[in-house]
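**Q** Below you will find the structure I want to go over with you.
Since every read-out is calculated from the coordinates, none of them should be taken as a lab result. Because the structure is predicted, anything quoted here is derived from the model rather than measured. Backbone-built Cβ (ideal geometry, glycine too); neighbour counts: all protein chains shown.
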Amino acid sequence: MQLRTSQKQMSESFWTITLLTLSGGFQDAYTYFSRGKVFANAQTGNLVLMTARLVDGDFSGFFHYLFPVLSFCLGIVVAGEVHHHFKHSRFHWRQSILLVEIFLLFITPLIRLDPLANCLVSFSCAMQVQSFRKVHGFPFASTMCIGNLRNSVDHMLLYFQTHDQQEIRISSAYLRIIIFFIIGSGLGKIFCDWLGLQALWISCLLLFGALLIMFHDPKALSRQTVSQIDGEEDLLKREQ
């Protein structure tokens, strides 16, 4: 597997991915510890808990977990539509997604109703995971770990089978993403205990830092680069 970006582009994107992943872990911790034990990102967990509530006849609990799942689905749809309609805009569509996400997460602590707050965070997480799906040319997720963990172990296995140094580098990259997600989750727990509902504003700061990095990269505003990136993503989809 060949990386599809230059070393320079890889170094420029490192901090963006780091901040997005820290924020993804933070958001999951926030909704779980401060908003009624709902996962903002890990919809598998929500589906398990939703089913358990249904089996127990707890219909209020069933909807408590159903609505974040539906909100996550809606966020995927909205991000996909933004990509479709604005992917060739000079103002990169991913920056628009981040602006919307920051706004939604900023107003969430002002909402006292946990179900609505959880829906907003799940919607925001879905837009993020749908919009930032590649790092250095290979798929990753900034808001969950199962795919990253599988890919890390898979490429590590390929390294032992082929002794290709590229495979161990890819495996290590996935491992770093997982570590940053864990750090983000830990920070989320710490700040939730300290700041309560307002802790989510820390996640906004992380996303704002990622947005600034994208603005400081002149290639992020280049029509040619936007077309190249989107073209690579379409090629990867066809190869997969």
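**Q** How far apart, in nanometres, would the label points at Ile146 and Asp114 be if each is projected 7 angstrom from Cα along the Cα-to-Cβ direction?
**A** Once both label points are built, they end up 2.3 nm from each other.
**Q** On full extension of the chain, what length is gained from Phe103 through Ser172, given 0.36 nm per residue of separation minus the C-alpha to C-alpha distance?
**A** The span from Phe103 to Ser172 would gain 21.5 nm if fully extended.
**Q** What is the set of long-range amide H partners of Arg133 at a cut-off below 5 Å, with H atoms built 1.01 Å from backbone N?
**A** none
**Q** Multiply the residue gap between Glu81 and Thr51 by 0.36 nm, knock off their C-alpha separation, and tell me the result in nm, one decimal place.
**A** Going from the current span to full extension adds 7.8 nm.
**Q** Counting alpha carbon pairs within less than 8 Å and at least 6 residues apart, what relative contact order, in whole percent, applies to the stretch 18-233?
**A** In percent, rounded to a whole number, it is 34.
**Q** What FRET efficiency comes out for the pair Ile183/Phe14, r = Cβ-Cβ distance, R0 = 22 Å, nearest 0.05?
**A** 0.90
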